[in-house]
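Read the structure below first, then the notes.
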Amino acid sequence: MCSARILVVDDQPINVQLLRRKLERGGLEVTTATNGLEALESVKAHKPDLILLDLMMPDMDGLEVCQRLQASSETRSIPVIFVTARTTKESKLEGLAVGAVDYITKPIDLDETVARVQTQLRFAAINRENLELQRRLEESRRAATIGAVAQGIAHNLNNLLGVVIGYLDLVKSGYDKPASVKKNAQHVDDAIQRIVGIVRQLSTLVVKSRPELTRVSLNRLIEGGIRRFHSDYKLTAPVSIDSPEQELEIDTNIETFEEALSKLLINAWESYGEKPPAERLIWIHTRLFDKPGEKVLELRVDDQGRGIAEDVRDRMFEPFVSTKRTVGVGMGLTIARHSMRSLGGEVTMASRPEGGASATLIQPVRDRRLRDKSKDEID
């Protein structure tokens, strides 16, 4: 295992030699520089694990060296310990403000210096391990998602193809019974449409470019989402709307927003199970609220259905996770969340205290006055 490399920067040769000897006795590899420019060149050539940097140097002082290191993504993560004779609180804060991790005052206590160097090296090692762990976790999540999608596709398509083959066999065996042939052919068509739906939904998931935005009224978006809900799922279910902000105009992608809303509406509709259509109540509520630096639209779809099952509570946005037994379902919430995230928004689900569930769609909104001001500036 290679020892850590330390860069010692000081315009006083005696200080450089003392630090070098002490650090090398501690098993560390040491390179040196006597001015700021030489220090930056050494960093570029050797990429040290830590820098002991004299604060007061001619031409380019330690503060400027540290600032230049912080300005580059390649050197920003190298810990810097300032070494100086200045002991005021203001001087220390100034050094820490430009990115230093610690401060050692002259005259130098060599044992203390080595201890502080070792401490910072341990911190740096832990940070590297954490970054590597995050990278591996991200890769694991990505692999798990791909695996879940692939497994879900295979399972659903196999089941749907089985349905198609089964009804085709019935068509063949009952070819002399027109009514039976027509009924079974319709079942085949329904299964094929579900296969087409899965492919179309997967195509939506792999689109990575940000959709084109259009200024549109919230009222139009809500009506369009409900219309799509009725059309896509061949329903005439009533939806109650409580939206004081219906005249609000927002910048969004109409297709993406309406698609997400229709998915939330069908999720609410199907939460009622076998209940008659008249008892499947669905409400849309909207409100505006302020977050730091932006205004946000919240659109909430409420139902009084069976609520969120415990076995899917933590996985409901994963592909093909569903409490329904129907073949070829389980992508609705996945698509809705993906769609809104592509617009900088979000979709969440929560249980309602009075029963049922709430699906919340979040869309960032630029203040109308800011939009008009920006337009005036462009004009």
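Selection over segment 175-190 of residues that are closer than 23 Å to residue 159 by Cβ and modelled with pLDDT under 80 gives a count of 1.
Could you list, in sequence order, all residues of segment 6-28 that are surrounded by 15 or more Cβ atoms within 10 Å (Cβ to Cβ) and of a type outside the set (A, V, I, L, M)? Answer for segment 6-28, where residues must be surrounded by 15 or more Cβ atoms within 10 Å (Cβ to Cβ) and of a type outside the set (A, V, I, L, M): 10, 11, 15, 20, 22, 26. Being among the small types (Gly, Ala, Ser) and surrounded by fewer than 21 Cβ atoms within 10 Å (Cβ to Cβ) is the filter; apply it to segment 34-67 and report the residue that is farthest from residue 6 (Cα to Cα). This residue is 45.
Of the residues making up segment 223-267, those that are among the hydroxyl-bearing types (Ser, Thr, Tyr) and either outside the structural domain of residue 279 (by TED's automatic domain parsing) or within 24 Å of residue 344 (Cα to Cα) (or both) are 243, 252, 256, 262. Of the residues contained in segment 251-270, one or more are found to be among the basic types (Lys, Arg), within 23 Å of residue 333 (Cα to Cα) and in a helix (DSSP H, G or I).
Checking each residue in segment 96-137 for being of a type in the set (Gly, Ala, Ser) and under 15 Å from residue 78 (Cβ atoms) picks out 99, 100, 124, 125.
Among the residues of segment 271-279, is any of a type outside the set (S, T, N, Q), at pLDDT 90 or above and either within 15 Å of residue 364 (Cα to Cα) or not assigned by TED's automatic domain parsing to the domain that holds residue 359 (or both)? Within segment 271-279 (the criterion being of a type outside the set (S, T, N, Q), at pLDDT 90 or above and either within 15 Å of residue 364 (Cα to Cα) or not assigned by TED's automatic domain parsing to the domain that holds residue 359 (or both)), the answer is no, since none of the residues qualifies.
The values are calculated or read from the model by the stated rules, or taken from the named source; none is laboratory data. On a predicted model such as this, the values are computed, not experimentally measured, just so you know. Positions of Cβ are generated from backbone atoms using ideal geometry, with glycine treated the same way; all protein chains shown enter the neighbour counts.
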